[in-house]
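Contents: one structure, followed by commentary.
No value in this document is a laboratory result; all are computed from the given coordinates. All values derive from a computational prediction rather than experimental measurement. Please note: Cβ atoms are built from the backbone with ideal geometry, for glycine as well, and neighbour counts cover all protein chains shown.
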Amino acid sequence: MNSTLSVSEYFSYFKDKRLINVFIFGMSSGFPWVLIGSVMSAWLKDEGLSRSMIGLFGIVFGAYSINFLWSPLIDRTKLPFLYNWLGQRRSWILFCQSFILLGTLLLAGLDLKANLAVAAALCLLIAIASATQDIAIDAFRIDTLSENESHKATAAAAMATSGWWTGYALLGAVPFYMADMPNIDWPQVYYFLSAIMLLLISCVFWAKEPQSNREAVHAELERVYLEKLAATKQTPLTKTLAWLGVTVVDPFKTFFAKNGVKTALALLAFIFLFKIGEAFLARMSIVFYKEVGFSNTQIANYSKLGTGLITIVFAFLGSIFNHKYGIVKGLFISGVAMAASNLMFSWIALAGPQEHLYAMAIVVDGFTQAWSLVAMVAFISMLCDRAFSATHYALLASLGNLGRTLLSSYSGVVIDDWLMGNWSLFFVLTALMVLPSLVFLFLIKHKLYSLEQNYHKNT
């Protein structure tokens, strides 16, 4: 890693077509969160559902927390016809996006209040397809850069982060503008969102499948397994066991062997805890804005459009810091800043719907989110073994998503039953939630500095 690299030289990395593909796939990754997250929350709120029910509706996001269970299949299973046409990563992306489109179209034709169970099932379908898509997209990003291009890792993380926020926030602002227009209802909004999804699907054909020696590595590992299982004769059973060994056992074995058991467990604890506070805030943010008194248009202006633009800008600026001073230091600083930024929302809860406070909170939150996301994406990518990029990234990211999705589904219960509707105290609590993760990061910081140094040694 060249810490003396000039800003202009660093930004030249973003001209790389491969990173543009990373940006586009980042959009595809963020957009489903609009479909089953913010827009769905607003629709449910307008239908008169309680905060607790809206929060519990987000349990479907639990798919993002367990996608590591089937991530080995994304590394090893070749989809019929699609693999020969598009390759391993793009074929899985297209396959998953087709189901996201189908679920969106079916939601558009649904009477939501009369069919809550069906709506939840469709949201679950979209969540599973999106969570699976993310496995392939993250692996695509890691595989896109060769091992001697680790200096571009933070740039790739910035493109992924800015792409995600473009899909989630910028594209996600449109339905809120539409919802405030006369004669437009939420089902019509979902038909429009289906059209956007179709455009994102078309981008799969524009990207180029990354080159990888993954299959050769897997073949060699299978050969070793076969030698141990059957010294003289190979049978269908031994071949199956060898395949399962490489697919299921080796990814986990490699991760713990590379980092050591204690460090690996501390890493997993850090990743699990880091984003919990932000997730609790995000899950209830739309409900909070509506209850305080902000309109759909204001939410679109600030929480979607404003947050998206700010996050995209600061993602690139944050990537410069992480490139120059290191990913681990970036995580420390961004974690503290992220916790402090949550207190801005506590201020809004006390002051009421003052637009200038809303704008300030969005700027501060966008800055801290961008910095922390770029650092986390680059950090997890650094920990992945290229032979199992899909499995490793999914395993680590799913732990972070566990807090962001499954646990945050109870955010409505926390505000209603524990805090009796005290929004100000709720946001203070979300600020404190990040601190345990920083303790784990501090305990293993020397090991992480060594890992980061080795990561860049071939650059």
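The Kirkwood hydrodynamic radius of region 269-390, based on inverse pair distances between different Cα atoms, is 15.3 Å. Computed from the C-beta positions of residue 98 and residue 439, the FRET efficiency with R₀ = 35 Å rounds to 0.20. Diffusion of region 163-260 by Stokes-Einstein, at 37 °C in a medium of 0.692 mPa s and with Rh set to the Kirkwood radius over alpha-carbon pairs, works out to 179 µm²/s. Dimensions of region 220-284 along the principal axes, based on C-alpha atoms and rounded to the nearest Å, stand at 59, 27, 14, largest first. Between residue 244 and residue 416, the simple label model (points 7 Å from Cα in the Cβ direction) yields a spacing of 4.3 nm. Pair-distance distribution of the chain: all C-alpha pairs, bin width 20 Å, starting at 0; shares per bin in whole percent are 25, 58, 17, 1. For residue 85 and residue 148, the difference between the fully extended length at 0.36 nm per residue and the C-alpha to C-alpha distance is 19.8 nm.
The tail of the calculated P(r) for region 179-321 beyond 21 Å holds 73 percent of all Cα-Cα pairs. Projecting label points 7 angstrom from Cα along Cα→Cβ for residue 357 and residue 257 puts them 5.6 nm apart. Helices meeting the span-like rule in the chain (full DSSP H runs, Cα extent of at least 30 Å along the helix axis, mean Kyte-Doolittle score of 0.5 or higher): 88-108, 116-144, 355-383. Mind grabbing the base-10 log of I(q)/I(0) for region 295-350 at q = 0.22, 0.26, 0.30 Å⁻¹? Debye formula, identical points on the C-alpha positions, no solvent, two decimal places. Rounded to two decimals, the profile gives -0.96, -1.06, -1.11.
Relative contact order of the chain: 29 percent, from C-alpha pairs under 8 Å at least 6 residues apart in sequence.
Can you compute the equivalent ellipsoid semi-axes for region 1-150, i.e. the square root of 5 times each eigenvalue of the Cα gyration tensor, sorted largest first and rounded to whole Å?
After diagonalising the Cα gyration tensor, the semi-axes are 34, 20, 13 Å.
Estimated at 0.36 nm per residue, the fully extended path between residue 77 and residue 217 surpasses their Cα-Cα distance by 48.9 nm. The protection proxy used here, the mean number of other Cβ atoms lying within 10 Å of each residue, ranks peptides 258-266, 143-151 as follows, highest first: 143-151, 258-266.
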